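The structure follows.
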Amino acid sequence: MSAAESVAVVGTPDYRTRHRTWLAANLPPHWRADAVDYRPPSLDEAKAWEAELHRQGLWGIAWPREYGGHGLSLREHLIANQEIGRLPMPESQNSIGKELAGPIILAIATEEQKRRYLPAILEMREIWCQGFSEPEAGSDLAGLRTRATRDGAAWRVNGQKVWTSGAHRAQRCLLLARTGSMEARHGGLSLFALRMDQPGVTVRPLRQITGEAEYCEVFFDDALVEPEDALGEPEAGWQAAVRVLEVERGTNRMYRAWRFEQELRHLVTACRNEPALARLLEDGHYRQRIAQVQVDVEVLKRMVEQVVDDLVGGQPIGGRGSLSKQHWSEAHQRFAALALEMVEQASYPPSPEVAAAQRRFRKLYLQARAETIYAGTTQIQLGIIADRILKLPRGA
Ligand SMILES: Cc1cc2nc3c(=O)[nH]c(=O)nc-3n(C[C@H](O)[C@H](O)[C@H](O)COP(=O)(O)OP(=O)(O)OC[C@H]3O[C@@H](n4cnc5c(N)ncnc54)[C@H](O)[C@@H]3O)c2cc1C
């Protein structure tokens, strides 16, 4: 379908049906995480697929047309994400570009920067990573030490980031760096769009318990930031970073609740078709725990829909992103443990379908360990809820 035809797809009354039909017809079956012959896409395949998703109106939905978006609202974004979540599709290789960098660029960047960065993100020409956390600054982000110093009109960056997801494939880093004194803490930070393909940047992927190496250490040694790649006002980086984190907790990967439900359906289907597992579905203990997962999913869906309603109505996300982040990460971790516990009770050798479920849920269990850490830990979310939502007094 041409780009011109794809414009007709978005905004029509049968918007949901069109996306559902297109995805069902075009998602390669072996890319489905529940497929017996599952094979994830290569980076080049993923780039081509995601660029096509954008042409089909499934990415950049609420971004203005002049920056490559489809000029619709967060409501259509939600519908598209519900359809994406219904299928066990590959995760985006550029979710940081599309879901974290994009919104903050739209909010604080210059017109020239928006025209330069945003279409490149949607067309998958530039993948972004998020350079916030450091070895000594995670929860306490305001303590970060990576420093950007003036070099004429440009900046030179020195320091180290860690847990930088996808840095090994990124062309840009949304970098939070210190431009003022350590004593200034929040006040001395600035935000940059640093080019990753330059001599002063070294990326070292870290091997994870899943066997993958997705999260990286990034070292800056006099790395250059051109003047046109400084984002927002100097020393106003903290306010921008807080907005990025609110988006990360509130609207990022909006499909999560529907993907979570798809995972639950996969578990139940895999169990139904295997006698040893089917018995678990009749067991009161497992029935209760499975039903609780469905409750968790429904609560999460309502939370996401409420955030969208509020944003469309002009209310900022604020601390409420912490509610859904906290709920999702804890509930999803419980689900992953339950799913693994169940599928591991299959008789041996497992059928191809049960083997596919075992492969998926073993990986999910390991991946989910990090969900209560990234985008801010459980304790940090609870602190935000206590402070900003409940306005509880602080102890001495
Ligand atoms: C898989 C993964 C991917 C990530 N991707 C990125 C990325 O792309 N970009 C990026 O910048 N960062 C990324 N991170 C980093 C992530 O944001 C940090 O790990 C997180 O903020 C916690 O920081 P920390 O690891 O330094 O732990 P710490 O801040 O040292 O926390 C250690 C423990 O102390 C607790 N704690 C700390 N402060 C408080 C407090 N005030 N009150 C109560 N308890 C507290 C924490 O809850 C935690 O249990 C990623 C992390 C993971 C695990």
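Determine which residues of the range 275-308 fall in the zone a paramagnetic label at Arg16 would reach in this model, i.e. backbone nitrogen under 14 Å from the point 7 Å along Cα→Cβ.
302, 305
Hey, another quick one. Give me the accessible area of Ser139, 1.4 Å probe, in Å² rounded to the nearest 10.
80
Sticking with this one: Mind listing which GluC sites (Glu not before Pro) in the range 316-392 are in a DSSP loop and have 16 or fewer other Cβ atoms within 10 Å?
Glu344
Angle, helix 74-86 long axis vs. longest principal axis of the chain, Cα atoms, 0 to 90°, nearest 10?
The two axes meet at around 40 degrees.
Here is a follow-up. Might you report the magnitude of the Cβ-based charge dipole of the chain about its Cα centre, with Lys and Arg at +1 and Asp and Glu at -1, to the nearest 20 debye?
560
Please report the carbon-and-sulfur percent of the accessible area for the chain; probe 1.4 Å, protein heavy atoms only, DNA, RNA and ligands left out.
53
Pairs to check: Lys161/Lys391; Lys47/Lys98; Lys98/Lys161; Lys325/Lys363; Lys98/Lys325; Lys161/Lys301. Give those whose C-alpha atoms are more than 23 Å from each other in this structure.
With Cα atoms farther than 23 Å apart: Lys161/Lys391; Lys161/Lys301.
For Asp222 and Lys391, compute 0.36 nm times the residue count separating them, minus their Cα-Cα distance, and round to one decimal in nm.
My answer for the length gained is 56.5 nm.
Starting from the Cα-Cα distance between Ala48 and Ala142, subtract it from 0.36 nm times their residue separation and give me the gain in nm to one decimal.
30.1 nm is the gain from fully extending Ala48 to Ala142.
Another question, if that's okay. How much length is gained on full extension from Leu366 to His327, taking 0.36 nm per residue of separation minus their Cα-Cα distance?
Result: 12.2 nm gained on full extension.
Follow-up. Charges at C-beta only: +1 for Lys and Arg, -1 for Asp and Glu. How large is the resulting dipole of the range 29-130 about its Cα centre, in Debye rounded to 20?
180
With an 8 Å cut-off on Cα pairs and a minimum separation of 6 or more residues, tell me the relative contact order of the range 258-367 in percent.
Computed value for the range 258-367: 33 percent relative contact order.
Normalising by the residue count of the chain, find the relative contact order in percent from Cα pairs under 8 Å and 6+ residues apart.
With pairs under 8 Å counted, the relative contact order is 14 percent.
Cα centroids of the range 64-112 and the range 157-236: how far apart, whole angstrom?
Using only Cα atoms to place each centre, the spacing works out to 22 Å.
Can I ask one more? How high is the relative contact order of the range 25-120, in percent, with contacts defined as C-alpha pairs under 8 Å that are six or more residues apart?
26
Any idea which of Val354, Val225, Gly180 is furthest toward the positive side of the dipole for the chain, if Lys and Arg beta-carbons carry +1 and Asp and Glu beta-carbons -1?
Positive-most Cα among the choices belongs to Val354.
Let me ask something additional. Please name whichever of Met342, Ile105, Met124 sits farthest to the positive end of the charge dipole of the chain, dipole taken about the Cα centre and charges placed at Cβ: Lys and Arg +1, Asp and Glu -1.
Value computed over the given set: Met342.
Could you do me a favour and compute the accessible area per residue for the range 3-93, 1.4 Å probe, result in Å²?
Per residue, the range 3-93 has 45 Å² of solvent-accessible surface.
So for Thr210, Thr146, what's the accessible-area order with a 1.4 Å probe, most first?
Ranking Thr210, Thr146 by accessible area, largest first, yields Thr210, Thr146.
Which of the listed residues, Ala257, Val297, Ala142, is farthest toward the dipole's positive end in the chain, when Lys, Arg count +1 and Asp, Glu count -1 at the beta-carbon?
Val297
Testing the spin-label approximation: label points 7 Å from Cα along Cα→Cβ at Glu298 and Ser347. State their distance in nm.
3.5
At a temperature of 25 °C and a viscosity of 0.890 mPa s, determine how fast the chain diffuses translationally according to Stokes-Einstein, using the Kirkwood radius over alpha-carbon pairs as Rh; express D in µm²/s, rounded to the nearest whole number.
Translational diffusion coefficient: 110 µm²/s.
Something else now. For the range 16-47 and the range 246-272, compute the distance between their C-alpha centroids and round to whole Å.
16
At a 1.4 Å probe radius, which order do Ile108, Ile384 fall into by accessible area, largest first?
Ranked from most to least accessible, the order is Ile108, Ile384.
What 222 nm value per residue comes from the helices of the chain, counting each DSSP H run with n ≥ 4 as -39,500 (n - 2.57) and dividing by all residues, nearest 500 deg cm²/dmol?
Per the formula, -14500 deg cm²/dmol.
What accessible area, in Å² to the nearest ten, does a 1.4 Å probe give for Asp222?
Using a 1.4 Å probe on the heavy atoms, I get roughly 80 Å².
Calculate, for the range 255-389, the solvent-accessible area per residue in square angstrom, rolling a 1.4 angstrom probe over the heavy atoms of the protein chains.
Per residue, the range 255-389 has an accessible area of 46 Å².
The values are calculated or read from the model by the stated rules, or taken from the named source; none is laboratory data. Please read these numbers as outputs of a predicted model, since none were measured by experiment. Neighbour counts are summed over all protein chains in view; Cβ atoms, including those assigned to glycine, are modelled from backbone coordinates with ideal geometry. Side chains are part of the model used for accessible areas, which takes the heavy atoms of the whole protein and leaves out ligands, DNA and RNA. Shrake-Rupley method; radii C 1.70, N 1.55, O 1.52, S 1.80 Å.
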